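Everything below concerns the one structure shown next.
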Amino acid sequence: MKIPFKILSANKYNELIQYQKKNETELNNVSKVIKNIKKKKESIKFSSNSNIQQALKGLHNEILLADEANNLRIWETEGLAIFNNILREKFDTFEALGDSILRKIIEYVNANQGSFFILEEKGPEKLLKQISRIAYGRKKHTEKILELNASITGEVVLNKKSIYLTDVPDSYISIGSGLGEAKPKNIFIFPVHQNEKILGVIEIASFQILKPHVIKFLELLGSYIGASIFNINNTLETQKLLHESQEQTEMLKAQEEELRQNTEELKAIQEEMSKKQNELIRLKDNLESEVTRQTQEINESKNELSLQVKKHDSTLNAIKSNTIYAELSPQGIVLDANQYVCDLFQVTLSEVLGQKRVGFEYHPCFDEGKSISMTTRVPVGKVYKWVRESFTPIMSDHNKVIKIINIAQDITDGKEKEIQLAKSLEEIQTQEEELRQQMEEMNSIQEELHHQKDELFGITNAINQIMGILEFDKEGTIYHANEFMLKVAEQKIENVIHNNIDNFKLDVSDNKSHKELWDTVDKYGKYQRQVINETPNGNAVKFDVNYLPFMNNNNVMTKIICICRPLN
């Protein structure tokens, strides 16, 4: 007759028992840790130094660091997007730009007040002029001029570096609020620049310490604001030059009209002289005097006209020396160009003249004397450049377009920053997807651990149903016996636990003491024999007995496990 059970080796059984106890505790702890990680708790207690616990601890730290870094990137990206939208707006004055930017900076970094200074050059002297000051959400109408060598703010311009003051003297600044008079202790002063050129300075005052990511954000923002100021400068300068040119043109037209009228008057006088020759002779002296006077006025008008033309030429030269300038035919053929055009397209002047302007298309509004402006992407060798340009038609006396003035600015740097910002947003979305996949992997690991726990419990339960188990230490003290062992040996638990193995003889013919058993198992690694045990009720039970060692982590035997398989 075959007995329906599976025989396991002592080592396998010992591993299963220890694996079960260890994994039950470990699984419970791991389950709690995983739940806390799912909840994104910052403080989690790890109860052991197991590989799984340490892996989860490292994963938890990585998730927290990733969340923090992701939040900072989102904060910076959203901030740059907000300010980029503001800087895209059209501002007619620096004051309007300063108020809008400064108010949003104070709000975004949770500061209390700020000041915006623009660098002005008056001859050889450079000064900082305050264009905006905001305190507690209200605009302060104050005027302030700072010398570079006489202020901390000026040091930022001279050194081209930010200054962060964290222990500001009470006499440095005073802020009035609805709660009374308050003096912030933290002031961050950073430059507003276009590339390496300083265009202004912004001061931000706060009662709280500014964190490093806020300082980094403000310094980066300084370049964005500088690009906007640089564009406004160019726009205002261009508008000024165009306005002067228009005024000069109107003046020239008025002088031409005056000259025409004078000519007509002279013709009328000549006709009158022909009719009244006798009267002219009589009035000869007076007429000669009058003619001399008018001739002098005409000469003066001519001289003045010549000066206006020279001034107009100077204005045009100023435009040519500061912007990309070209004169085109109505068909787009380059008639004239300055060095900036050559630098943009990386060609010589001879290679440009007579060629069609890249990307030019004749617009119907030119026939009405109207200008157009646009942002264009033009090829330069193997790369592309971004330019903001305008096309202005020059009309003939018969309202025909005789040529077109093309004025442009290279905005490649600003446009590439805008494109890079869009790429940063895509990278953040990719990182969020990776984090989601990691969470799914953790869920799979947790399910697998639960499955192993259930399987181990089933194996242990099956062993306890078909085999007797006894465990005793080096002193021979029994401290574990399963129910199957007690049942076949017809013993009560209280007569076995904490009793000596010498008093619980499985074989009356075996005279080995617990010390001899211990030495035998320690020496040979096991001790096996078949025994006949006589129960207290007089029944004889035949066993196949295996004495197996239980080793600790230091490979030292700490107890003996006795596995008894009944043979009848």
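Couple of notes before you dig in:
- Footprinting exposure proxy ranking of Ser151, Ser115, Ser274, fewest other C-beta atoms within 10 angstrom first, gives Ser274, Ser151, Ser115.
- Cα centre as origin, Lys/Arg/Asp/Glu Cβ charges: the range 330-383 dipole, Debye: 220 debye
- Two-site label geometry, Thr430 and Ser513: point separation in nm, points 7 Å out along Cα→Cβ: 7.5 nm
- Total formal charge among the other residues, if their Cβ is under 12 angstrom from that of Ile333, Lys/Arg +1 and Asp/Glu -1: +1
- Model label zone, His498; criterion: amide N under 16 Å from point 7 Å along Cα-to-beta-carbon; scope the range 474-492: 476-481, 492
- Per-residue ³J(HN,Hα) for the range 251-263, Karplus 6.51 cos²θ - 1.76 cosθ + 1.60, θ = phi - 60°, Hz, x for Gly and Pro: 5, 4, 5, 5, 5, 5, 4, 5, 5, 4, 5, 4, 5
- A simple count of charges around Thr263, restricted to other residues whose Cβ falls under 12 Å of its Cβ and scoring Lys, Arg +1 and Asp, Glu -1, yields -3.
- Of all aspartates and glutamates in the structure, the ones whose alpha carbon falls short of 17 Å from that of Lys197, not counting any fewer than 8 places away in one chain, are Glu120, Glu121, Glu125, Glu155, Glu219, Asp410, Asp413.
- Given Lys161/Lys216; Lys139/Lys160; Lys122/Lys160; Lys515/Lys559; Lys474/Lys559, the pairs whose alpha carbons are separated by over 18 Å: Lys139/Lys160; Lys122/Lys160
- Backbone phi angles across the range 515-529, fed through the Karplus curve with coefficients 6.51, -1.76 and 1.60 (θ = phi - 60°), yield HN-Hα couplings of 5, 5, 4, 4, 5, 5, 5, 5, 7, 9, x, 5, 8, 10, 6 Hz in residue order; Gly and Pro are listed as x.
- The peptide list 385-397, 547-559, put in order of mean Cβ contacts within 10 Å with the highest first, becomes 385-397, 547-559.
- Approximate spin-label separation Val358-Ser289, in nm, with each point projected 7 Å along Cα-to-Cβ: 7.0 nm
- Rounded, prolate or oblate (a/c below 1.5 giving rounded, otherwise prolate when a/b exceeds b/c) for the range 324-410 by Cα gyration tensor: prolate
- Here the range 89-210 is treated as a Stokes sphere of Kirkwood radius computed over C-alpha pairs; at 20 °C and 1.002 mPa s its diffusion coefficient rounds to 144 µm²/s.
Every read-out reported here was derived from the displayed coordinates using simple, explicitly stated rules and does not represent laboratory data. Because the structure is a prediction, the values reported are computed rather than measured. Every residue, glycine among them, receives a Cβ derived from its backbone with ideal geometry; neighbour counts consider all protein chains shown.
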